[in-house]
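The structure under discussion appears below in the form of structure tokens.
The values are calculated or read from the model by the stated rules, or taken from the named source; none is laboratory data. Every value quoted in this text rests on a predicted model; they were computed, and no experiment measured them. Using ideal geometry, Cβ is built from the backbone for each residue, glycine included, and neighbour counts are taken over all protein chains shown. All accessible areas refer to the heavy atoms of the entire protein, side chains included, with ligands and DNA or RNA removed. Shrake-Rupley method; radii C 1.70, N 1.55, O 1.52, S 1.80 Å.
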Amino acid sequence: MRHYTHTFTEQEETALWEALDAGAEVRGTTSPNPPVGCVIYREVEPVIVDDWDQAEPEIIATGGTEPAGGRHAEIVALDAAREKVGDDGLRGACMLVTLEPCNHTGRTGPCAEAIVAAGIAKVVYIEPDPNPEASGGAEYLRRHGVEVHHKTYDVTGLAPWLTAVRHGRVSVTAKFAATLDGFVAAPDGSSQWITGPITREWVHEDRSRVDAIIIGTGTALADNPSLTARKADGSLAERQPRRVVVGTREVPEGNLTRLGFERYATPQEALDALWETGARHVIVEGGPTLMRSVFELGVVDAIHAYVAPMLFGAGRSMIDGPLVGTLAQAQRYEIDYVDYTSNDDVLIALRRCEECEEEET
């Protein structure tokens, strides 16, 4: 996992956190565009305190990407900065943005041109734009006299979008709650609740940050879930994902009609339709049958495994059958991070091991 804040100056690092916060605020609202965060700031002369240079930049404005068709993060930040300091106050300022500024005209104009026109003197960007139609902004800025730096950091909120663009499909996160010995339900089928209430709050927060949640008809029949994203008090979150049911079994309409579920026969059909309609990041919360299907497709880019400190000894596994025949064929993931809830549940977040796949090829 990349965490290279040592490559940033102290003032750039402060700006980085501002930009990350701005990007996090818009996660789940921007697809098919990325949830980018941007900050405009002025570097100040450091103050010597106990023989140590300390300096906090002057933050002028921040911005996050608006919903599709709206302004990109850089333009949001530039507009906010103009309202605060005027055009003259922008000249010579610095910008830190989590994704390389675009260099093409789509629904909006090129951000790189707007940055040059505003008189920004220095741009630091974190992720290069993998979209060939939009990339080239950094080079455009350099050619027009802007000081440009590419510095790396793990921008968690951008990872699914970057994966989606590179592979030309939605990025899939498989999410499940299991016991320490790997069961998602007891032998009698009971599964509510393996994890505690704080863990479930985290799950609902994740739901509010994705484009869609996918379940199978088995889960729909057994649980009749609403698949909404809710706050700790039970009220609906402002951002709600699309709700998708996959499978051919008949499911009583009920909730499905009332909550606007989308129905597809197969996981591939669902993923293709979601991509074509602008989705870039989805969570699969289905049961063992659907989980096996999406892993067999080879499209699971991340796993969020919520592990509870309990043992069943038997029951329903997360996947209802073998994916491979030998150890050498195993789908390999690497740990992204591990976190704990106040219920002693553990979240193990994993991502596809790209280096492992490159070694195998």
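When the expected Rg is taken as 2.2 N^0.38 Å, what fraction or multiple of it is the alpha-carbon Rg of region 169-357? Kindly include the intermediate steps, with their values, before the conclusion.
Values: Rg = 16.0 Å, N = 189, 2.2 N^0.38 = 16.1 Å.
Compactness ratio reported: 1.00.
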- In region 10-159 the accessible area split gives carbon plus sulfur, as whole percent at 1.4 Å, a share of 46 percent
- Task: Would you check the accessible area of Leu221, probe 1.4 Å, heavy atoms only, in square angstrom rounded to 10?
- Result: 80 Å²
- Mind listing the phi-derived Karplus ³J(HN,Hα) values for region 331-340, rounded to whole Hz, using 6.51, -1.76 and 1.60 with θ = phi - 60°, and x for any glycine or proline? 6, 10, 10, 10, 5, 7, 7, 10, 9, 10
- For region 169-357, with only Lys/Arg (+1) and Asp/Glu (-1) charged at the beta-carbon, what is the dipole magnitude about the Cα centre, in debye rounded to 20? 380 debye
- Query: Can you give the accessible area of Arg200 in Å² (nearest 10), computed on protein heavy atoms with a 1.4 Å probe?
  - Reply: 60 Å²
- Message: As a test question: what accessible area, to the nearest 10 Å², does Trp193 have when a 1.4 Å probe is rolled over all protein chains in place?
- Response: 150 Å²
- Where both residues lie in region 169-357, what percent of DSSP beta bridges are antiparallel, nearest 5? 40 percent
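Please report the antiparallel percentage of the DSSP beta bridges confined to region 10-159, to the nearest 5.
On the way: 13 of 22 bridges.
Of those bridges, close to 60 percent are antiparallel.
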- Contact order relative to length of the chain, as percent, for alpha carbon pairs under 8 angstrom and 6 or more apart: 15 percent
- Query: With every protein chain present, what is the per residue accessible area of region 67-201 (1.4 Å probe, Å²)?
  - Reply: 42 Å²
- Task: Could you pull out the longest piece of the chain with no exposed loop GluC sites (Glu not before Pro) in it, calling a site exposed if DSSP puts it outside H, G, I, E, B and it has at most 11 other Cβ atoms within 10 Å?
- Result: 1-132
- Note on the structure: The farthest towards the positive end of the charge dipole of the chain, of the residues Leu90, Gly23, Ala330, given +1 on Cβ of Lys and Arg and -1 on Cβ of Asp and Glu, is Ala330
- In Å, what Rg and Dmax follow from the Cα atoms of the chain? 22.6, 72
- Message: Residue by residue through region 179-194, what is 3J(HN,Hα) from phi via Karplus (6.51 cos²θ - 1.76 cosθ + 1.60, θ = phi - 60°)? Round to whole Hz and write x for glycine and proline.
- Response: 7, 4, 9, x, 9, 9, 7, 6, x, 7, x, 6, 9, 9, 10, 6
- A correct Karplus calculation of ³J(HN,Hα) over region 224-232, with 6.51 cos²θ - 1.76 cosθ + 1.60, θ = phi - 60°, whole Hz and x for Gly and Pro, returns 6, x, 8, 6, 8, 9, 10, 7, 4
